[in-house]
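*Asks:* Provided herewith is a single structure, encoded as structure tokens, for subsequent inquiry.
The values are calculated or read from the model by the stated rules, or taken from the named source; none is laboratory data. If you're wondering where the values come from, they're calculated on a predicted model, not measured in any experiment. Here the Cβ positions follow ideal geometry from the backbone for every residue, glycine too, while neighbour counts run over all protein chains shown. All accessible areas refer to the heavy atoms of the entire protein, side chains included, with ligands and DNA or RNA removed. Shrake-Rupley method; radii C 1.70, N 1.55, O 1.52, S 1.80 Å.
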Amino acid sequence: MLAKIAHGYQVAVHGAFPIEQSPLVPIILGKRWDARNWIGCTEQDPLPSDRQCLHLLQDVPLTGGDGSSASMIRIKLFADYPSPTYALAARLQA
């Protein structure tokens, strides 16, 4: 479910991109079994919120020293309650 949310949010914010750049699509389709490499969570780094809402999403662009880039989507479900923030690698570009 988290992979579907993150991929859908990535496409909604940035538009369609080559499916090969997403580590999440093969996980969604059941063709990849290393989800732990691409999906994680933390309770230490809460998402900012300036209003009351049920769920929070945040797109975080990342850039490597070699010029590569990635997009991480952070998700917090049921934002008013103590729950982890999930981080998913939604797009990888060389």
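*Asks:* Counting only heavy atoms of protein chains, what accessible area per residue, in Å², does the chain have with a probe of 1.4 Å?
*Replies:* Details: 6210 Å² over 94 residues.
Result: 66 Å² per residue.
*Asks:* If you roll a 1.4 angstrom probe over the protein chains with everything in place, what fraction of the accessible area of the chain belongs to carbon and sulfur, to the nearest %? Mind dumping the intermediate values first?
*Replies:* Values: 3510 of 6210 Å².
Answer for the chain is 56 percent, counting heavy atoms of protein chains only.
*Asks:* Moving on to the next point. Where does the chain land at 222 nm, in deg cm²/dmol rounded to the nearest 500, when only DSSP H runs of n ≥ 4 count, each adding -39500 (n - 2.57), divided by all residues?
*Replies:* On the way: 2 runs with 18 residues, N = 94.
Result for the chain: -5500 deg cm²/dmol, rounded to the nearest 500.
*Asks:* With +1 on each Lys and Arg Cβ and -1 on each Asp and Glu Cβ, and nothing else charged, work out how big the dipole of the chain is about its Cα centre, in Debye to the nearest 20.
*Replies:* On the way: 8 positive and 8 negative charges, 58 e Å.
The calculation lands at about 280 debye.
*Asks:* Would you work out which of Ala12, Ser68, Tyr81 lies farthest towards the positive end of the dipole of the chain? Charges go on Cβ: Lys and Arg +1, Asp and Glu -1.
*Replies:* The one lying farthest along the dipole's positive direction is Ala12.
*Asks:* How long are the three semi-axes of the equivalent ellipsoid of the chain, in whole Å, if each is the root of 5 times an eigenvalue of the C-alpha gyration tensor, listed from largest down?
*Replies:* Values: eigenvalues 102, 46, 34 Å².
They are 23, 15, 13 Å, listed largest first.
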